[in-house]
Amino acid sequence: MLFSGWASEVEAPWPDVAEVTDHVGVRHLVVTRHALVRQVLADPVRYRPDNALDAVTPMPVTALRVLAGHRFRLPPTLANNSAASHPEIRAIVADALHPARVAAQRPWLTALVRERVARLRAALDAGEPVDLYADLAADLPLLVLARLVELPDAPVGAVKEFARAALELFWAPLDGDRQVALATEVGRFHGVLREFAATGGGLAAELRAGGHPPDVVVGALFFLLVAGQETTSQFLTLLLHRLAGEPAVRAGLRTGDVAVADVVEEGLRLEPPIVTWRRVAAVDGTLGGTAVPAGTSIVLWLARAGRDPAIVESPDEFRPGQRGSRRHLAFGAGAHRCVGDVLARMEAAVVVAEATPLLDGVTVVRPPWCPDNLTFRMPDAFVVRSVERPADQ
Ligand code: HEM
């Protein structure tokens with residue numbers, strides 16, 4: 001089966017726990033209800049995170065050889081780590097992303113977004129189309145992350161390309177040629193990270209000082225560079241697109257009747273950039289009445305859990321502040337809950353506050369297109385233009 005239907009818009013009824021067979025014949029249990037998704041996330045003993053970064057399309061020997069040539073390894077570090085080292089590594093990363101450090105970046109980010117919004121406003125007023133993904137959202141999270149965590153000195157474009165290649169290589173249905181091309185890109189950047197991990201300051205230095213081996217330092221940087229920026233730029237794009245179709249919410253933001261923070265939460269609930277996340281059953285058991293043999297891949301449908309009528313009053317409507325709006329599982333839950341949530345929320349709040357007015361009086365020229373992927377939405381563009389064309393056109 002392909003995964004594109006698992007994005008947030010799915011209306012068809014599903015059982016609480018559904019057995020599906022994927023495009024390579026692997027059986028998964030898909031968990032759709034909020035309470036059951038939470039139950040799995042809260043129980044790292046029965047349901048381990050070890051498979052979080054496993055490739056959904058097994059890699060052919062040719063792609064594995066390319067990765068091995070770059071000495072590519074992804075040992076358990078953060079999201080895929082159920083070992084005793086996890087809390088320690090997590091604590092070092094959490095320090096770097098401490099809410100006080102995040103808050104200190106807000107004025108800088110606000111100024112940058114204002115500058116961009118002014119430029120985009122001028123382009124719209126001149127009748128030009130603007131891409132709110134490429135021209136606003138794509139690189140913002142990476143620029144902020146680089147101010148919080150010392151990162152290799154690589155061009156923004158190269159990091160974005162590597163991160164998107166990694167999301168495709170590990171979470172998309174692929175053919176062998178594409179896997180080799182992606183492995184080449186991912187492996188090459190992994191080499192850059194390996195070099196930086198050995199000598200870099202900040203987080204890399206702290207992980208080294210904590211006695212973590214080079215592979216772990218590389219693994220942590222790898223995950224941060226993917227999860228810590230690509231997810232948020234996807235979310236900003238999806239949220240702006242959603243707001244383009246929610247004039248009442250935009251009007252509420254204008255008058256102050258709708259709070260920015262409530263818009264961000266409702267956005268996370270309805271437009272999460274991470275649609276599913278995986279666990280693997282460690283022991284035989286049952287879940288929602290379904291037998292779960294040890295070793296079963298469990299796909300937690302986070303997007304669907306956010307629309308569970310058991311937790312939220314109007315599941316499919318964008319109603320900031322409605323009862324249950326904040327109970328989404330977009331950031332996961334339990335021991336591996338996202339450590340970047342404060343940062344992602346801050347970035348989204350700045351963009352909603354500063355950029356939403358751009359959406360008034362525009363028409364959507366090109367909505368985001370999202371490729372087939374088990375987990376990540378990966379919108380490619382979001383182009384709008386002013387409805388009012390200049391008099392000379
Ligand atoms: C809207 C943006 C984001 C979303 C929706 C998101 C979502 C998630 C999810 C679903 C998980 C897995 C949670 C679990 O297994 O229970 C996760 C883990 C993680 N995220 Fe995020 N994330 C976002 C932004 C960020 C940012 C900005 C950073 C850091 C700069 C970050 C760093 C991490 C890390 C390090 C983990 C692994 C935590 C652990 O295993 O202990 N994320 N995130």
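The values are calculated or read from the model by the stated rules, or taken from the named source; none is laboratory data. Given the structure is predicted, the values throughout are model-derived calculations rather than measurements. Neighbour counts are summed over all protein chains in view; Cβ atoms, including those assigned to glycine, are modelled from backbone coordinates with ideal geometry.
Return yes when Glu206 is more than 13 Å from the ligand (Cβ to nearest atom) and among the acidic types (Asp, Glu) and no when it is not.
yes
Considering Arg254, Arg323, Arg279, Arg242, which residue is in contact with a strand residue (DSSP E or B) (Cβ under 6 Å, 6 or more places away or on another chain) and of a type in the set (D, E, K, R)?
Exactly one of Arg254, Arg323, Arg279, Arg242 is in contact with a strand residue (DSSP E or B) (Cβ under 6 Å, 6 or more places away or on another chain) and of a type in the set (D, E, K, R), namely Arg279.
Looking at Pro76, is it crowded, with 16+ Cβ neighbours inside 10 Å and either within 17 Å of Val218 (Cβ to Cβ) or among the small types (Gly, Ala, Ser) (or both)?
Against the criterion (crowded, with 16+ Cβ neighbours inside 10 Å and either within 17 Å of Val218 (Cβ to Cβ) or among the small types (Gly, Ala, Ser) (or both)), Pro76 qualifies.
Count, please, the residues in region 222-261 that happen to be farther than 17 Å from Asp131 by Cβ, among the aliphatic types (A, V, I, L, M) and either within 9 Å of the ligand (Cβ to nearest atom) or at pLDDT below 95 (or both).
Residues that pass the stated criteria total 4.
Can you confirm whether Asp257 is in a helix (DSSP H, G or I) and of a type in the set (D, E, K, R)?
For Asp257, the condition - in a helix (DSSP H, G or I) and of a type in the set (D, E, K, R) - is not met.
I'd like to check which strands (runs of 3 or more DSSP E) are fully inside region 277-393 and have at least 1 residues that are within 15 Å of the ligand (Cβ to nearest atom) and small (Gly, Ala, Ser).
The qualifying strands (runs of 3 or more DSSP E) are 297-301.
Contact list please: Cβ distance under 9 Å, first residue in region 40-68 and more than 23 Å from Arg27 (Cα to Cα) and assigned to a strand (DSSP E or B), second residue modelled with pLDDT of 95 or more and within 16 Å of the ligand (Cβ to nearest atom), pairs at least six apart or on different chains.
Once the first residue is more than 23 Å from Arg27 (Cα to Cα) and assigned to a strand (DSSP E or B) and sits in region 40-68, no partner that is modelled with pLDDT of 95 or more and within 16 Å of the ligand (Cβ to nearest atom) comes close enough.
Being at negative phi, at pLDDT 95 or above, among the aliphatic types (A, V, I, L, M) and within 14 Å of the chain's Cα centre (by Cα), is that true of even one residue in region 370-384?
yes
Give the residue that is nearest to the chain's Cα centre (by Cα), with candidates limited to residues of region 193-204 that are surrounded by fewer than 19 Cβ atoms within 10 Å (Cβ to Cβ) and in contact (Cβ under 8 Å) with a residue 40 or more places away in the chain.
Of everything passing the filter in region 193-204, Gly202 is nearest to the chain's Cα centre (by Cα).
Which helices (runs of 4 or more DSSP H) does region 84-176 wholly contain that include 1 or more residues that are within 16 Å of the ligand (Cβ to nearest atom) and touching a Pro at 6+ places or on another chain (Cβ under 8 Å)?
Qualifying helices (runs of 4 or more DSSP H): 85-96.
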